[in-house]
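Structure first, commentary second.
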Amino acid sequence: MLRTTMTWRVAATTMAAGLLLTACGGTTSDEEEASDAAGGGCAVSLGFFGALTGDYAALGQNIKNGVQLAIDQYEGDCDVTLEEYDSQGSETAAPDLAKSAIDDDAVIGIVGPAFSGESAAAGPIFAQAGLPTITPSATAPTLAENGWETFFRMLGNDDTQGPAAAAYISDTIGSTSVFVMDDASEYGAGLAGIVEETLGDDVVGTDTIQLKADDFSSSVTKVTASGADTLFYGGYYPEAGRLIKQLRSGGFDGTFVTADGVKDPAYIEAGGSATEGTIITCPCVPPEDTPEFFDAYKQATGDVPGTYTAEGYDATNVFLAGIDDGALTREAMLEFVANFEGPGVTKEIAFDDKGEPTNVVVWAYKVEKGEIVADAEIPTS
Amino acid sequence: MDFLLDNFVALTVTGLSLGAIYALVALGYTLVYGVLQLINFAHSEVFMYGAFAATWTVYAMGGRAGASTGAVIGYLLAALVAAMAFSGLIALLLERVAYRRLRKQNAPRLIALISAIGASFALAELMGLRDKVADFLGLGETLRPYVRGARNSSGFPEIIDTTPLFTLGDYDVTNIDLLVITSALVMMLALDLFVARTRFGRGIRAVAQDPESASLMGVNSDRTVQLTFLLGGLMAGAAAVLYVVKIGSIRFDTGFLLGVKAFTAAVLGGIGNLRGALLGGFVLGLAENYGSALIGTEWRDVVAFTLLVVILLFRPTGLLGESLAKART
């Protein structure tokens, strides 16, 4: 017994010492960085706000890589550093992270927050501090209705994606019996609601599943019993993968249409061959349409850009253009972004008075041979 | 209401096949509770590890769509053996690491419960971080197909083509429905016979009834407890294979919700009662499907748990109520 206690004491002491050492090490290098930065002409920071770890990390990493590339390519007079605010996609963690971002005076612009839920939670804090944010991926329409002057969006919201998905279902697929399903999330239910409303009488049935559910047998029965030849699902990829697999083995052979929350290779991993031929709408431009960015990204990372990587790159370049223009405070940056007009890799960038982009595109993607490939641009009215 | 009546057969068959999986997992909870009066909350992770073992085995054997019937049976048997072995191993490990010391020192049950919850998180996160673990061991490249996307769903190779076998009412019963329900029934029957007829089974029942007298009569209670965990693990392994065949993918955190459901099934049928676990699983699977049809799919879990509360109000010991110790042979 005595020996055990001793061993533990020794172990504890060693660990404590180790922690202390690490802590000291951390402080030193921080100071060094700070003095290095101060040596340059001017030093400012841009923040990335989104999930970098946790269940939704794939999406956040995609965006951050675009942000990083833009900063690496930047050749202006200022020292621009990237501050990462890893929210794990959580709404509850977002306010505190936002506070730590506004407390850092060097941060004059934020790319993010990545998701709609965390944007809703962090938005008021950024608005109060006057720190401009450009989200490359949050699509809930209500975000722009809060009167936050600091809110800007790099992509079309669900009020354009929803009708575009509905238009694709009616015009391209030519379906008049559609089943609409969602996952009760802020994003999924919102989008499915818009699709349902736009399709009107063509909707033959609706159902709501639960996040993290794994068995959908009763939903499958509802779909097959309704006789629908097309199904729209608003939600994220984990459930979508399982859902399409069970729909197919349950005898549903109609078209499966879903949206940007599903546009990730993990959807195909979970759904397997059942995902073949399914349609994914997304307010994002196919990477092949932005060859310069595509090549530069591939050269820098050895990988191909993911969903919203290009939007993250564009958002960062707006801020970098501001820094070059001498907008080195939050106030100046806010004004610069609000009046910005210029070319980006995804579109001609300009924002309206609510912070929405004036040019939006929605594309339909299709799963072919286990890859998500661009199908056609859907005209938006 | 019309929907429920029109699709009664479909909802019943799919509900039963889901219930069969709940029931197999529930057996693990019920066995351990019957012997130790301990709720092994980490049992859901035992199930999850088995599902991964099944997926990896079929993947490593190169199973893919379009395999011949003989090959499919081979894949499934290999997956079953691998999953049962792996789950059994994890269950034994769990008993050794998380419970045995506590049991020896007669620690309060509450402590064992906390230990179980801790073990559950540790096991789930270990699976969710397997890519990091592999990288750390320098095996990241070799094991890439098995560890990539560690926090996303891993798809089970599509070796079985769902085909309708025969029509019941107006529902086409598929090979998967039939496979899941019959295999679960066979496993359950085997376990029931094992506990009722064999010497080891008698030992389990004796320890459940009175551990002290049992050990005075020459039953090695440590062995018996290990055996109980092993049996629960084997059943969870079988459930895991049926799960990946039916659902098609597995994720590191799948165990949690399924564990809660299976535990519910065990309590519903009468915890500590093997046949109760079977009945509870089926009742729960059916209730979820009928409830979804009647009220709406988003109320699925509400229906299941309301049913639990109502049944426990009128029958506090569950549907069958009788404990493992008192089970007649």
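Brief remarks on what is shown
- Out of B:Pro145, B:Pro108, sole residue that is more than 23 Å from the chain's Cα centre (by Cα), over 17 Å from B:Gly232 (Cβ atoms) and within 12 Å of chain A (Cβ to nearest Cβ): B:Pro145
- Residue count, the stretch B:233-266 (criterion: more than 13 Å from chain A (Cβ to nearest Cβ), under 26 Å from B:Val302 (Cβ atoms), of a type outside the set (Gly, Ala, Ser) and crowded, with 24+ Cβ neighbours inside 10 Å): 1
- Test: residue in the stretch A:315-333 that is surrounded by 23 or more Cβ atoms within 10 Å (Cβ to Cβ), aromatic (Phe, Trp, Tyr), at pLDDT 95 or above and not assigned by TED's automatic domain parsing to the domain that holds A:Gly235: yes
- Near pairs, Cβ below 8 angstrom, 6+ apart or cross-chain, from the stretch B:1-23 (closer than 16 Å to B:Ser183 by Cβ) to any residue that is β-branched (Val, Ile, Thr) and outside any helix (DSSP H, G or I): B:Val13/B:Val173
- Restricting the stretch A:169-181 to residues that are farther than 21 Å from B:Trp299 by Cβ and crowded, with 20+ Cβ neighbours inside 10 Å leaves a set whose member that is farthest from the chain's Cα centre (by Cα) is A:Ser175.
- Residue, farthest from the other protein chains (Cβ to nearest Cβ), within the stretch A:244-274, restricted to residues that are of a type in the set (D, E, K, R) and touching a residue at least 60 places away in the same chain (Cβ under 8 Å): A:Asp260
- Residues considered: A:Ala166, A:Ala189, A:Ala138, A:Ala184. Of these, the only one that is aliphatic (A, V, I, L, M), touching a Lys or Arg at 6+ places or on another chain (Cβ under 8 Å) and either under 30 Å from A:Ala98 (Cβ atoms) or surrounded by 24 or more Cβ atoms within 10 Å (Cβ to Cβ) (or both) is A:Ala138.
- Only one of the listed residues (B:Gln226, B:Gln209) is surrounded by fewer than 21 Cβ atoms within 10 Å (Cβ to Cβ), over 30 Å from B:Ser17 (Cα atoms) and more than 14 Å from chain A (Cβ to nearest Cβ). That residue is B:Gln209.
- When A:Gly241 is tested against (1) under 26 Å from B:Val245 (Cα atoms); (2) more than 10 Å from every other protein chain (Cβ to nearest Cβ), just one condition goes unmet, and that condition is (2).
- Subset of the stretch B:16-35 (residues that are among the small types (Gly, Ala, Ser), out of contact with any Phe, Trp or Tyr (no Cβ under 9 Å at 6 or more places or on another chain) and more than 10 Å from chain A (Cβ to nearest Cβ)): B:Gly34
- Just so you know, in the stretch A:328-375 the residues that are hydrophobic (A, V, I, L, M, F, W, C) and in contact with a Lys or Arg (Cβ under 9 Å, 6 or more places away or on another chain) include one that is nearest to A:Tyr237 (Cα to Cα), and it is A:Ile372.
- A search for C-beta distances below 9 Å between a residue of the stretch A:205-218 that is more than 7 Å from chain B (Cβ to nearest Cβ) and free of Cβ contacts under 8 Å to residues at least 60 places away in the same chain and any residue that is of a type in the set (Phe, Trp, Tyr) and outside any strand (DSSP E or B), counting only pairs 6+ apart in sequence or on different chains, returns A:Leu211/A:Tyr236.
- Single condition A:Gly235 does not satisfy, out of (1) within 14 Å of chain B (Cβ to nearest Cβ); (2) closer than 17 Å to A:Ala138 by Cα; (3) modelled with pLDDT of 95 or more: (3)
- Of the criteria (1) within 14 Å of another protein chain (Cβ to nearest Cβ); (2) farther than 30 Å from B:Val147 by Cβ; (3) under 9 Å from the mean Cα position of the chain (by Cα), which one B:Val13 fails: (3)
- The set of residues in the stretch B:36-51 being away from every other protein chain (no Cβ under 14 Å), modelled with pLDDT of 90 or more and part of a helix (DSSP H, G or I) consists of B:His43, B:Glu45, B:Val46, B:Tyr49, B:Gly50.
- Residues in the stretch A:239-262 that are surrounded by fewer than 24 Cβ atoms within 10 Å (Cβ to Cβ) and under 21 Å from the mean Cα position of the chain (by Cα): 0 in all.
- Scanning the stretch A:288-303 turns up no residue that is under 25 Å from A:Gly190 (Cα atoms) and more than 14 Å from chain B (Cβ to nearest Cβ).
- Within the stretch A:174-214, the residues that satisfy the criterion of being under 19 Å from A:Gly117 (Cβ atoms), of a type in the set (D, E, K, R) and outside any helix (DSSP H, G or I) are A:Asp182, A:Asp183, A:Lys212.
- Some residue of the stretch B:129-136 being within 12 Å of chain A (Cβ to nearest Cβ), in a loop (DSSP other than H, G, I, E, B) and either aliphatic (A, V, I, L, M) or within 28 Å of A:Glu239 (Cα to Cα) (or both): yes
- Each residue in the stretch A:36-57 was checked for being within 14 Å of chain B (Cβ to nearest Cβ) and at pLDDT below 80, and 3 of them qualify.
The values are calculated or read from the model by the stated rules, or taken from the named source; none is laboratory data. Source: prediction; values computed, not measured. Positions of Cβ are generated from backbone atoms using ideal geometry, with glycine treated the same way; all protein chains shown enter the neighbour counts.
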